[in-house]
Every structure is written in C-alpha cells, then in structure tokens.
C-alpha cells in the first residue's frame, strides 16, 4: 500500500483530480439538466456514478501513458515510479482492468446510453494508446498530437450527460463540448510550459518546441478562446452575466500570470500549472453553482 500511495502522489494525486473532475462532472450534468428544463443540484446517484467513472477514465489515461512513455522514461526520466521499479506495468495493467470492471458495472446500472458511450470512450483511449497507428508522424506534429488526444474529453462529457437521463441533442450540447475540449487543452498546454532551468533532456515541452513566448501566447489564446466559447454555452443555459463576470476575472488573472512568467528574471513553469487548474476548476464551478442556485 505504501508504494501505491507514493505512485499516486507522484503521478495521479487523487485529491487534485477529484476536485477538478468533480467540478467538471457537476458542470456537465447541470448543463444537460438545464437544456431539459431542470435546474438545481443534479441527482445524487447519477452524479456519484458519473464522477467515479470519469475519475477512473483519467486514471486509465495515466496508466496508458505509463505504457506509451515507458522507453522514453527509462532513458530520460528514470526517477519516475515505473522506471525506478516502484510499481510495474503488469500491476498497472491489472489496475486498468479493475477500473474498467467498476466502470462497466456503474454504466450498465445507469442505462444503455451510458454503457454505449463508455465503450466509445474506452475504444478511443485505445487508439490514443497506439497513437492512432501513426506515432512518429504525430510526435512530429505536436498540435495535431494534442488535438487528436483532446477529443476524448467531449466524449467523456457526452457520457456524463447521458448519466442523468435522455442525452440532449448534440446541437444543444455542442457549446459545452467545445468548452470542455478547450478547457482541457488549456490544462494540457499549461502543464508543458517550463522555465529554461526546468527543462529536461529528451522531454519535448511546448516551451522547448516553440520557445517560452510563443508557448505562453498559445496557452493564453486557448484560454481566452475557451472563455469566448463558454459564452455560447452560458447563453443556452441562461447564465451569461454571472459567467461573463467570473470568466473575465479568471482570464485577466491568468494573463497576469503569463506576463509575470515572460518578464520575470526567475520564472517558474508552475505558474501555468496553477493558473490552468484554477481556470479549469473555476469555469466548471461557475456552471455548476449558477445553474444550481
């Protein structure tokens, strides 16, 4: 148990993921309910089941990354738990299967639509594991790499939306699906921007590929783009004033963090990880709380 606690602390901190994914699940369920004319808190059982399955989705993605990156980790990041022998790939594979068993049980209990969407998400994650059968080409095109991998987020959002009742029309869900895609793209970009003294040999961060300034500007573009797309979702949900106020405040704070990173003599990439997490959590809480209250 001790070594698993270390693994989770280093590679998948449960508390941090639970907070972010709990807010995400709440936002999607609240939005789907609002489209059907239902406001207030989402029903407890669908929320809990959707949250557990979603949490396990992201744990499975981490496990698949451990397989996918194993050779690179052995060469460039031997300090990570798997290459240093703390846990093994077969053990992680059994954990993936255990998570899938829980997901199947919960999804079947929720109904046929969540069960079908569960299969869709797992199949897409399998394609991600093999990097869509074009690993070398994708790695040579980092934006396409990220863009194809982020598609799984709207699929997860559709699964969540189906957990509380009939799935709303895709046209009505589209703004929130686009917001989810961009929000998690912000997080993905933010976790791979570092200061020069934080870069590691063999690790292709966006700050290495594009340079600090271009990477920071790309992150800001994704964040402000997500905020703009969120306006369309907020309009459908009838919460434009509160959303616009909160999103603008969060975007301005994020912009200030990026400006500090670019101007500071001793910048730290952690500012992007923190700002991305605050943005992700804040935007989803706005939808959840505004629609609940």
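Laboratory data are not the source of any read-out in this text; all were calculated from the coordinates shown. Worth saying up front: this structure is predicted, and the values here are computed from it rather than measured. All Cβ positions, glycine included, derive from the backbone under ideal geometry; neighbour counts span all protein chains shown.
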Original post:
Taking one equal scatterer on every alpha-carbon of region 1-89, how large is log10 of I(q)/I(0) by Debye at q = 0.14, 0.17, 0.18, 0.20 1/Å?
Top reply: -0.61, -0.76, -0.81, -0.92
**OP:** Grab the beta carbon distance between residue 94 and residue 198, set R0 = 41 Å, and tell me the FRET efficiency rounded to 0.05.
**Re:** 0.75
Subject >> For peptides 267-273, 211-217, 179-185, sequence by mean Cβ density within 10 Å, most packed first >> reply: 179-185, 267-273, 211-217
**OP:** Return an integer: the convex hull volume of the alpha-carbon atoms of region 39-157, in Å³ per residue.
**Re:** 131 Å³
Original post:
Which order results if 160, 239 are arranged by neighbouring Cβ count within 10 Å, fewest first?
Top reply: 239, 160
Original post:
So how do 163-173, 22-32 stack up, highest first, on mean other-Cβ count within 10 Å?
Top reply: 22-32, 163-173
Original post:
How big is the C-alpha Rg of the chain next to the rule-of-thumb value 2.2 N^0.38 Å, as a ratio?
Top reply: 1.00
**OP:** Starting from the Cα gyration tensor of region 154-259, take the square roots of the eigenvalues, sort them a ≥ b ≥ c, and report rounded, prolate or oblate (rounded when a/c is under 1.5, otherwise prolate if a/b is larger than b/c, else oblate).
**Re:** oblate
**OP:** Would you mind telling me which residue in 83, 241, 154 has the biggest mean-square fluctuation in a Gaussian network model of the chain, where springs connect alpha carbons within a distance under 10 angstrom?
**Re:** 241
